[in-house]
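Asker: Take a look at this one; I'll ask things after.
Each value in this text was obtained by applying a stated rule to the coordinates, not by laboratory testing. Since the structure is predicted, the reported quantities are computational estimates derived from the model, not experimental observations. Cβ: placed from backbone, ideal geometry, glycine included. Neighbour counts: every protein chain shown.
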Amino acid sequence: MDFSPLSEALASKSYERVADICDQLMLQVAAEGVSFQEDWPYAIHLLGHIYAGDINSMRFLWKSMPSAFKENKPEVKAAWRIGQKLWVRDHGGVYEAIRGFDWSQEAQGLVAAFSAIYTTKMFQLLESAYSTISIQDTALYLGMSDADASNYVQQHGWIVDPTSQMITVKKQPVFTEQKLNPSKLQSLTEYVFHLEH
C-alpha cells in the first residue's frame, strides 16, 4: 500500500486532507479485495476525521475497525478517547485526552493543530454565549490553567476581575457585508444624474 499521499499531507501540514486521503486509500484496498494490513494508520485516520470535525465518520470508522486494533494499539485508543469526549461535549475531557497520551511523531502535528483549532472554536463559543463567565469555567473550556486562561482572554480584550474570579466578555464587532441590488444602483445613478442636469 502506498501511503505517500498521506505522508505528504502530514509533512505539509495539510491536515484537512488527511481523512479524505485515508478514506480513499481504504476504498482502494477494499476494491482490490486485500485485507487491511497490520500497519494501517487507524490512529491517523481517526484523528483526521476528528480534525475535520466529522465525528460521525470517526464513529463509523471505529465501529468498522477490527477489534485487534482497538484493543492492542494504544494510539488508536487515545484517538478514540478524544472522539468520545467530543461526542459527549466534555470540553475539559477533550484536552485531557489530548494531553494524556504521548503521541507518535507522525500524529503530534495533527493533534497539536486540532487542539489549537478546538481552543479557537471554544473561545468563539464563549464569546457568543456569555457576557460574564468565571475564570474556572473559561479555563475548562479552553483547556488551560486559570492563569493561562486569564492571560489568553485578556489578550483578546476581555476584562478579568481577580477579586470576583469573573471575566467580562468583550464581544467582537460583527461586520456585515452590504449587498447592493443592481436595480437600486441604477435608480440611484439616474437620480444623481437628474440632480446634476
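Asker: To the nearest 500 deg cm²/dmol, what mean residue ellipticity at 222 nm is calculated for the chain from DSSP H runs of n ≥ 4 alone, each contributing -39,500 (n - 2.57), summed and divided by the residues?
Answerer: -20500 deg cm²/dmol
Asker: Shifting gears a bit: Helix by helix through the chain, keep the DSSP H runs that span 27 Å or more along the axis on Cα and average at least 0.0 on Kyte-Doolittle, and give those back in order.
Answerer: The qualifying helices are 105-129.
Asker: From the list [x] 211; [y] 273; [z] 114, can you say which value of volume of the Cα convex hull per residue in Å³ was derived from the structure given?
Answerer: Matching entry in [x] 211; [y] 273; [z] 114: [x].
Asker: From the residues L25, W80, S7, which one has its Cα farthest along the dipole of the chain in the positive direction, the dipole being from +1 and -1 charges on Cβ of Lys/Arg and Asp/Glu about the Cα centre?
Answerer: W80
Asker: Of Y95, G48, S128, which is farthest towards the positive pole of the chain's charge dipole, taken about the Cα centre with +1 and -1 on the beta-carbons of Lys, Arg and Asp, Glu respectively?
Answerer: S128
Asker: Taking loop as defined by DSSP and a crowding limit of 15 other beta carbons within 10 Å, which trypsin sites (Lys or Arg not before Pro) in the stretch 1-88 fit?
Answerer: K13
Asker: Show which lysines lie in cross-link reach of K73 when reach means a straight Cα distance below 23 angstrom and same-chain residues fewer than eight apart are skipped.
Answerer: K63, K85
Asker: Would you mind calculating the relative contact order of the chain from Cα pairs under 8 angstrom and at least 6 residues apart, reporting the percent as a whole number?
Answerer: Result for the chain is 14 percent.
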